[in-house]
Amino acid sequence: MTQLHPIIERVTARIIDRSKDSRRRYLDLIEREAHSSTARSGLSCSNLAHGFAAAEGDKAAIASGRGPNLAIVTAYNDMLSAHQPYARYPEAMKLYAREVGATAQVAGGVPAMCDGVTQGQAGMELSLFSRDAIAIGTAIAMSHAMFDGMALLGICDKIVPGLVIGALRFGHLPALFVPSGPMPSGIANKDKQKVRQLYAEGKASRAELLDSESKSYHSPGTCTFYGTANSNQMMMEMMGLHIPGAAFVPPGTPLRSALTRAAVHRLAEIGRDSADYRPMGLVVDEKAIVNACVGLLATGGSTNHAIHLPAMARAAGVQLDWQDLDELSSAVPLIARVYPNGAGDVNHFHAAGGIGYVVRELLDAGLAHADVLTVAAGGMRAYADEPWLDGEALAVRPAPAQSGDDAMLRPVAQPFLGDGGMRLVQGNLGRATFKTSAVDAERWTIEAPARVFDSQEAVQAAFKAGELDRDVVVVVRFQGPRANGMPELHKLTPPLGVLQDRGFKVALVTDGRMSGASGKIPAAIHVTPEALGGGALALLQDGDLVRLCANIGSLEVLADLSTRTPAAPPRLEMGTGRELFAVLRHHADGAERGGSAMLAEAGL
């Protein structure tokens with residue numbers, strides 16, 4: 001048996017110790033729920049009759065309780081390319097359930113935003129808190145006490161974390177995520193990025209930009225860059241919540257259908273009345289959270305998960321912070337480069353060996369926990385295999401022993417970088433995340449005068465006016481959860497990239513978000529405390545010398561802030577439903593705790 005790396009062991013032990021009280025409260029909760037009268041057997045005849053009134057063909061089975069009844073919680077809509085394939089899933093899943101003596105019902109739907117549509121728009125200010133709405137929607141779906149397991153249909157940015165958080169409150173039941181897979185690869189990523197920068201410089205028309213983007217995002221399936229959505233899929237594998245190898249199989253293929261069928265069959269096998277009970281609350285424990293962190297670091301995944309992982313962990317009674325991520329990063333090498341950190345997308349990554357290759361490398365190097373409960377019978381080692389079709393039957397085989405593309409995927413012994421590339425930077429400006437894996441090492445230290453803005457639109461205006469053509473640390477504040485819902489600041493990437501390409505030393509410091517879709521600019525993001533309510537960013541002024549250094553983990557302003565008065569936040573705009581989220585903004589906690597009002601108010 002491979003010995004666990006001492007840093008992985010130490011950080012895991014610290015998380016377990018820190019979480020002992022909250023984890024015990026959580027385990028007590030799901031134990032009570034497992035034996036409460038709110039199970040289907042405890043429903044009155046009137047309750048039960050309402051529950052199966054429309055279950056054509058399944059009424060007798062649900063009424064008699066002779067097999068498990070599975071909840072389908074779906075984030076389907078046909079505007080999100082990743083979720084469009086889910087339209088027909090419930091119909092098929094009901095058939096698959098009947099094959100093993102089970103039944104399935106759509107328990108409810110949850111909202112599903114597309115950050116690709118809302119980025120740079122007012123709707124992005126709803127994005128982070130849509131995670132809370134999704135968690136609440138999941139709880140509403142599961143509140144009917146009709147179900148013996150949860151099939152969770154969601155893929156994209158806030159949707160998977162929201163489903164995890166909501167489902168964990170019903171952690172006495174087994175749960176499986178059922179993905180739909182990525183769209184085919186489109187225009188080369190370097191060509192897409194080039195057109196974006198040309199447009200930012202006024203050298204490409206809107207028609208040319210739209211043509212380029214349409215060739216990138218062009219069909220049903222998940223967007224193929226390695227942003228938050230595809231990082232979600234990797235983490236569901238690392239947390240043992242997928243059928244092994246399900247993450248990146250394309251939609252509409254026989255193998256994808258076979259994996260969905262296997263997910264339903266497996267969910268029916270692992271309920272509380274079975275001999276192989278695998279409740280979600282026991283699958284998602286401290287070691288599973290560490291495995292998710294390790295997978296994120298090893299593959300250069302989205303920085304959004306510096307917010308989502310602590311929130312998901314809290315829902316299971318596990319306390320995770322950025323120091324944990326930073327220390328894990330020091331031990332976990334970067335073994336994958338997927339766009340925007342490399343040239344190829346997730347389809348190329350999957351073809352080169354994919355998740356199975358990554359899992360095997362991490363387990364063999366003692367960088368991930370093998371001794372964990374997963375939905376798969378073989379534990380975490382099962383995720384080092386890849387699925388394939390033997391005729392019409394689903395089969396598995398070991399992931400490739402060698403990478404199919406060493407420009408994208410490498411063994412632990414020959415990594416791209418010696419660490420996982422997600423570092424904690426801290427100092428008198430607060431604590432923040434710096435994604436070193438996306439930035440050339442010579443740019444990890446930037447010291448330059450600050451230019452302070454309260455919106456990304458103001459940054460764009462200054463760029464177009466030529467005011468940023470110099471060495472500069474661009475500070476964008478009042479972008480945290482309490483200020484405006486912590487939108488992603490994607491409008492900043494092209495102009496800052498242009499400035500850097502012109503030879504200037506440029507960095508970004510913000511209490512807002514940038515995801516795995518962000519690019520090559522050194523950035524201290526998610527700064528906490530945020531500017532609204534006491535953060536030092538509210539004290540900064542134009543010209544203050546700011547030093548950002550990922551090498552030593554520092555985020556400092558070389559000025560005396562003690563006599564300054566905080567700047568007033570900008571007036572909040574109404575419209576696009578933003579006013580409906582005011583209570584969530586008001587009660588949100590800090591980014592390092594997950595930026596959630598719901599978890600904060602629940603005392604989790």
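Values in this text are rule-based calculations from the coordinates and carry no lab data. Since the model is a prediction, treat every value here as computed from it, not as a measurement. Cβ sites come from the backbone with ideal geometry, for glycine too, and all protein chains shown count toward neighbours.
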Label LEU558 and ALA122 with points 7 Å out from Cα along Cα→Cβ: what is the distance between them in nm? 4.3 nm
What is the gain in length, in nm to one decimal, between GLU601 and LYS20 on full extension, counting 0.36 nm per residue of separation less the C-alpha to C-alpha distance? 207.1 nm
Net charge dipole size for segment 1-118 [Lys, Arg +1 and Asp, Glu -1 on Cβ; Debye, nearest 20]: 400 debye
Sticking with the crude label model, points 7 Å out along Cα→Cβ, report the distance from LYS203 to ASP390 in nm, one decimal please. 5.6 nm
Going through segment 549-593, which GluC sites (Glu not before Pro) have at most 14 other Cβ atoms within 10 Å and a DSSP loop state? GLU573
Between the modelled labels at LYS215 and ALA465 (7 Å from Cα along Cα→Cβ) the distance in nm is 3.6 nm
Relative to the first principal axis of the alpha-carbon coordinates of the chain, what is the inclination of helix 20-34, with its axis defined by its Cα atoms, in degrees from 0 to 90 and to the nearest 10? 30 degrees
Mind ordering 140-147, 14-21 by average Cβ neighbours within 10 Å, highest first? 140-147, 14-21
By counting other Cβ atoms within 10 Å of each Cβ, how are ASP501, ASP345 ranked from fewest to most? ASP501, ASP345
What's the FRET efficiency of ILE140 with LYS190 using the Cβ-Cβ distance as r and R₀ = 45 Å, to the nearest 0.05? 0.55
So, R0 is 35 Å and r is the distance between the beta-carbons of SER64 and HIS265; what FRET efficiency does that work out to, to 0.05? 0.95
Over all directions, average the projected area of the Cα convex hull of segment 423-570 and note it in nm². 7.7 nm²
Provide the percentage of antiparallel DSSP beta bridges, counting only those with both residues in the chain; round to the nearest 5. 45 percent
Under the Karplus curve 6.51 cos²θ - 1.76 cosθ + 1.60, θ = phi - 60°, whole-Hz ³J(HN,Hα) for segment 139-147, x wherever Gly or Pro sits: 5, 4, 4, 8, 6, 7, 6, 9, 10
Please report how many Lys pairs in segment 423-570 have alpha carbons closer than 15 angstrom, counting only residues at least 8 apart along the chain or sitting on separate chains. 4
Where in segment 189-205 is the amide nitrogen less than 18 Å from a point lying 7 Å along the Cα-to-Cβ axis of ARG502? 194-204
Tell me which residues come under 5 Å, amide H to amide H, from THR103 once H is placed; ignore anything under 5 positions away on its chain. ASN69, LEU70
Options PHE478, ALA313, THR118, ranked by Cα towards positive dipole end of the chain, top entry (Cβ charges): THR118
Exposure proxy ranking, count of Cβ atoms within 10 Å, fewest first, for SER219, SER22, SER596: SER219, SER22, SER596
When the chain is fully extended, how far beyond the present Cα-Cα distance does ASP371 get from ASP440, taking 0.36 nm per residue of separation? 21.2 nm
